[in-house]
Structure formats: structure tokens, C-alpha cells
1. Being touching a Cys at 6+ places or on another chain (Cβ under 7 Å), crowded, with 19+ Cβ neighbours inside 10 Å and among the polar types (S, T, N, Q) is the filter here; which residues of region 297-319 pass it?
2. If the requirement is being over 30 Å from ARG36 (Cα atoms) and either under 20 Å from the mean Cα position of the chain (by Cα) or open to solvent by less than 10 Å² (accessible area, probe 1.4 Å) (or both), which of these qualifies: PHE443, PHE377, PHE354?
3. Does region 151-163 hold any residues that are within 15 Å of the ligand (Cβ to nearest atom) and either surrounded by fewer than 24 Cβ atoms within 10 Å (Cβ to Cβ) or among the small types (Gly, Ala, Ser) (or both), and which are they?
4. Say whether the condition of being out of contact with any helix residue (DSSP H, G or I) (no Cβ under 8 Å at 6 or more places or on another chain), open to solvent by 50 Å² or more (accessible area, probe 1.4 Å) and either among the basic types (Lys, Arg) or part of a loop (DSSP other than H, G, I, E, B) (or both) is met by at least one residue in region 289-296.
5. What are the residues in region 307-328 that are more than 20 Å from ALA240 (Cβ to Cβ) and in contact with a Ser or Thr (Cβ under 9 Å, 6 or more places away or on another chain), if any?
6. Scan region 216-261 residue by residue and report those that are more than 14 Å from the ligand (Cβ to nearest atom), open to solvent by less than 20 Å² (accessible area, probe 1.4 Å) and among the β-branched types (Val, Ile, Thr).
7. Might you let me know whether region 192-206 holds any residue that is more than 16 Å from the ligand (Cβ to nearest atom), at pLDDT 95 or above, in contact with a Phe, Trp or Tyr (Cβ under 7 Å, 6 or more places away or on another chain) and open to solvent by less than 10 Å² (accessible area, probe 1.4 Å)?
8. Does ILE67 meet the test of being of a type in the set (Val, Ile, Thr), within 9 Å of the ligand (Cβ to nearest atom) and in a loop (DSSP other than H, G, I, E, B)?
Amino acid sequence: MNRRIFLKKNLVATTGLALAPALSWGTAVAPEKKARIGFLGVGLRGTNHLRNLLKRDDVLIPAICDIDPERIKIAQELIAKAGHKKPETYTSGDHAYLEMLKRKDLDGVIIATPWEWHTPMAVAAMKAGKRPGVEVSAANTIEECWDLVNTSEETGVPCMILENSCYRRDVMAVLNMVRSGLFGELLHCECGYLHDLRAIKVAPGAEFGANGQHEAKWRTNHSVHRNGDLYPTHGIGPVANLLNINRGNKFLSLTSVATKARGLHEYIVKKGGENHQNAKVNFKLGDIVTTVITTQNGETIVITHDTNLPRPKTNNYLVQGTNGLWMYNGNMIYVEGKSPEHQGEVADKYMKEFDHVLWQKSEDKAKGSGHTGNDYFVLNGFVESVKRQTPPPLDVYDAAAWSVITPLSEMSVAAGGAPQPFPDFTRGNWINRKPTFGLNEVF
Ligand SMILES: NC(=O)c1ccc[n+]([C@@H]2O[C@H](COP(=O)([O-])OP(=O)(O)OC[C@H]3O[C@@H](n4cnc5c(N)ncnc54)[C@H](O)[C@@H]3O)[C@@H](O)[C@H]2O)c1
């Protein structure tokens, strides 16, 4: 069967969505307009986004903001080398971004600052009529999650969470598999962020905080003071899309437990010795935090946060339904009636068969963009939705529902694993909202 007809037929069956001629959601007409994008934060991540935007001919970069003059210099050099007009810079301090947001020549801003700045910057951007594309996680507290939602609703300005993992090629193929009904009705998913960040959280000389660099300057402090899943969105984003969270389904509650904290202390002793001042720091973050979420439609999700120990990197994805499963670890698919009984099949042939149209069309453009190409797609989603003035592919309700896992998990860990209810950021609209992610051939 022709792939388009296959997808169309099965999407209607599984999501109730009709795929219009060119995969329906948003408009396929590319406007002439260029997107005028400013940058808040041009550290490692912001600079990577900048490099990617400079490859496009439909983006202008009128202004950039960072408190570190070195980072501004690097960004300016990249912009000049790409033949773009010199941007205006805002560097005078932590609140210089407010000046930048007064400009009339910005349609959107990319926010790639430390976590504590994400919500204040996104809220200020929306109030100034500029669409924020905000790095992950979008918020740190329940209140901040509501601030994002309330501001977007009050101003009418959409906010996109730049969750690049949603665009992984395997994850998007699995989205097609799930929508086609390959695994039957979904019951259980697993996911997480299992990434040895010790060398990122602890800079050379066993330093962090004021003496650290990049994420060691700010991220490590969260491990000192907070115990919960501090980075849930790379895991939960793709799973939320598979389970239609906020779109016919919603998260109900979570429970979290944490192990003791050993990894960062041992690493500091190894790198700086027992007498190093940072060897006295008590890290609050348990080395492995395990969260179980329940959903309205009767699924369970296990999320793992594991960033302080020696280990290989994985997102632990597992997607299981009444007819089979996908396991990222082991690259395995099992489909009843197709796979040999009790044995997984190598996932590759399914990945090819269900490859998403976005990847088929833009594989070349995505090469070298970062995170195996995912970074191209997430930025493309932001830029195209800014140009077309359509809702972004990952919206403010996604940003809030995924980011709120952090404060809820902290509360649960502190309460010995007691269940914490999720706020319904859609205010009941999850019942009528329809899936949109991955249903557009352009973004
Ligand atoms: N999606 C992904 O795969 C991915 C990967 C890496 C980082 N990130 C996220 O990107 C964000 C940035 O991470 P990073 O690795 O670039 O960190 P970084 O420390 O390298 O960069 C942060 C930048 O923000 C600047 N900054 C700090 N306060 C500011 C303020 N008030 N105004 C303007 N600039 C300010 C800093 O000077 C720095 O240049 C984080 O939220 C991180 O979680 C996401």
C-alpha cells in the first residue's frame, strides 16, 4: 500500500484525525516573510542553535543577549562569517534581555540560558509580543508552569518548548508505528535521561559554581539543593506525544523515589582530592531518581533520571501495547503474529518501513545540526511556525505538563514517594484537543 494512504488510513483510525492532502496540520504554504529571531543566551546550546539558524535563508538575527562578553564575541564572529548584518548586543547584566525585548524588529526569541531564567524570559517575551522558543526544561516550579500557560493565554502569544528528542528519527518512526496500531493499544512506556554528566557538572580542578564553566557554573547547584527528576523532558516528550497527553489524555499523578547521593562526591574526591573544598559539599540529588506516572487513559510511565554515575548514555525508551513493543535498549521490536514467538526482532526494518516523512524529506538538511539531526527539526518547527503564525508543534501545555514533573517529583521524594496530582494546565480542554505533532509534512 502507498505509504501516504497507509498513514492516512491508520491515523484516522487511531487518532480520529484526518490527514488532508499534505498532512494537514498548519499550512503548507511557505510565506515569503523571514523570521526575525533574537537570542537570549549564546552559551554552548545557544551557539549551536545560532549556527543552525545561520544556515537558513529565511531567518534574520537582529539582536543577541548574553551576560558573558566572550560568548557575545563568538556569536558576532559567527554571524559576520555567515554574511549577516551585525546584530545589536545586550550585555549589561542579568536583566538586559528586557531592553532587547522592547525592539520592534523581533518575531521570536530563542532562550538558551540557565534553567532559572527560562520562565522569566519566556513570560517577558510573550508580554512583549515575541514568540519564545525555550530550551528544556521550560520551568522549575509549579507556579512557573502556570506563569507560562497563563501568560500565553492572556497575550495570545504561543510558546514552544524546544524538545529536540521529540524529533529523533527512531522516536518519530515509532510514533508512526503506534498511530498505525502496530503495537495495539498502549499500556506502558519507559523513558528517561541516563547520561553521565559528571564531567559537565564538575569542571576541571573539581570546581563548580563561580569557578566552573558553562553548565558547571549553574546546573550543579541544582544537584546541591534539589532531589527529584531535574531533567525529565528528553524522556517524557516523545512518550507524551505517543500517548496523546493534553490531547485526549492527560497525566494524573506521579510518585518518585531517589537513591542516596554518591556519584558527584566520589568524582570530586577523584579529581580534586579529599581535602578539596567541594569534597565537603552535601549533594541532595539522589544518583538515580525513579518516577512512575499514571495517566487518565490507564497507562503507566516509568521515568529515570541518572546523571551522576559512570554509565553509557541512553533514554531507556520502551513502548508497550496489547500487541507488542519497542525497546530502544537492545534495538528490539516484538509484534505478535509477525515476530518469532518470545523473541524480539532487530528494529531496523520497522524503522525503515515507518520512517517519518519529515526525516525522509529533510535528512540532508539535518546532517551535522546536532543530536543526530534532531536539532535541525526542532528549530525548523520553531522557525516555520513563527513565519506562518501557526501554533508551534510543541506548545505551552506540553512545556508545562512535561516541566512540572520536576517540582512534583521533588515533592514526592520529600514525602517518601507519596503520590502527587498533576495540575491540568489545559483546564479541561485535553478532552477535545487533537494531536498535532508529526502530522505536518513541513514541520
Ligand atoms: N535540548 C538539548 O539537547 C540541550 C542540550 C544542551 C543544553 N540544553 C539546555 O540549554 C540551556 C543552556 O545550556 P548551555 O549548555 O548552553 O549552558 P551554558 O552555560 O553554556 O550557556 C548559558 C548562557 O546563558 C548566559 N546567561 C546566563 N544568565 C543570563 C542572563 N540573565 N541573560 C543573558 N544571558 C545569560 C551565560 O552567560 C551563558 O553564555 C539549558 O537550559 C540546558 O538545559 C539543551
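The values are calculated or read from the model by the stated rules, or taken from the named source; none is laboratory data. Predicted, not measured: the structure shown is a model, and the values here were computed from it. No Cβ is skipped: glycine too gets one built from the backbone with ideal geometry, and neighbour counts run over all protein chains shown. To get the accessible areas, we keep the full protein, side chains included, count just its heavy atoms, and leave off ligands, DNA and RNA. Shrake-Rupley method; radii C 1.70, N 1.55, O 1.52, S 1.80 Å.
1. If the condition is that a residue be touching a Cys at 6+ places or on another chain (Cβ under 7 Å), crowded, with 19+ Cβ neighbours inside 10 Å and among the polar types (S, T, N, Q), then ASN315 is the only one that fits.
2. Numbers: PHE443 fails: over 30 Å from ARG36 (Cα atoms); PHE377 fails: over 30 Å from ARG36 (Cα atoms).
It is PHE354.
3. none
4. no
5. Across region 307-328, the qualifying residues are THR307, ASN308, GLY324.
6. Passing the criteria: VAL239, ILE245.
7. So the first thing to find is which residues in region 192-206 are more than 16 Å from the ligand (Cβ to nearest atom), and the list is 205-206.
Subsequent filtering for residues that are at pLDDT 95 or above retains 205-206.
Filter once more, so that each one left must be in contact with a Phe, Trp or Tyr (Cβ under 7 Å, 6 or more places away or on another chain): none.
Checking region 192-206: not a single residue is more than 16 Å from the ligand (Cβ to nearest atom), at pLDDT 95 or above, in contact with a Phe, Trp or Tyr (Cβ under 7 Å, 6 or more places away or on another chain) and open to solvent by less than 10 Å² (accessible area, probe 1.4 Å).
8. Working: of a type in the set (Val, Ile, Thr): yes; within 9 Å of the ligand (Cβ to nearest atom): yes; in a loop (DSSP other than H, G, I, E, B): yes.
Yes.
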